[in-house]
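Here's the structure, in structure tokens; my notes come after.
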Amino acid sequence: VHGPVLFLLAAWHQAVQCAAAMNLGHPPRDVVLWPMGGLTYIGSSPNCWHNVRIAAFGPISYLLLVLLIFVVIAALRIVQPTDARLAADPAVVPAAAAFQAMWLSTGLCVY
């Protein structure tokens, strides 16, 4: 489950940075996604604060994602599955993935 979750988090991060760049008038030239990260090429900006804001939006987006996932988990009253429950019931894999995404996003936000 780690691989797909990390890839989706990398895609989320890059999508938010692309949106921030376009909002500031710097359309991205290229986006590269790897299994555990990515890179958005926007070129250079004459305004260094635009570069800082674009770079900051990626990590800040994790905080918004954590809040969104937490609200969904709370609204659906999902309980965190144990390893034994995961082995016994594959139907709880989406719940495990939701918790994993939330904790990974929290770690990336703090990091």
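Please give the number of the condition ALA11 fails out of (1) part of a helix (DSSP H, G or I); (2) open to solvent by 40 Å² or more (accessible area, probe 1.4 Å).
(2)
Can you find a residue that is touching a residue at least 12 places away in the same chain (Cβ under 8 Å) and either on the phi > 0 side of the Ramachandran plot or part of a helix (DSSP H, G or I) (or both) anywhere in region 42-49?
yes
Would region 51-74 turn up any residue that is assigned to a loop (DSSP other than H, G, I, E, B), open to solvent by 40 Å² or more (accessible area, probe 1.4 Å) and either at pLDDT below 80 or farther than 21 Å from LEU104 by Cβ (or both)?
Checked against the condition, which is being assigned to a loop (DSSP other than H, G, I, E, B), open to solvent by 40 Å² or more (accessible area, probe 1.4 Å) and either at pLDDT below 80 or farther than 21 Å from LEU104 by Cβ (or both), region 51-74 yields no hits at all.
Which is small (Gly, Ala, Ser), under 15 Å from the mean Cα position of the chain (by Cα) and open to solvent by less than 40 Å² (accessible area, probe 1.4 Å), of GLY37, GLY3, GLY43?
After applying the criteria, what remains is GLY37.
The values are calculated or read from the model by the stated rules, or taken from the named source; none is laboratory data. Just so it is clear, the model here is predicted, and its values are computed rather than measured. Note: ideal-geometry Cβ built from the backbone for every residue, glycine included; neighbour counts use all protein chains shown. The area values use the complete protein model at the heavy-atom level, side chains included, leaving out ligands, DNA and RNA. Shrake-Rupley method; radii C 1.70, N 1.55, O 1.52, S 1.80 Å.
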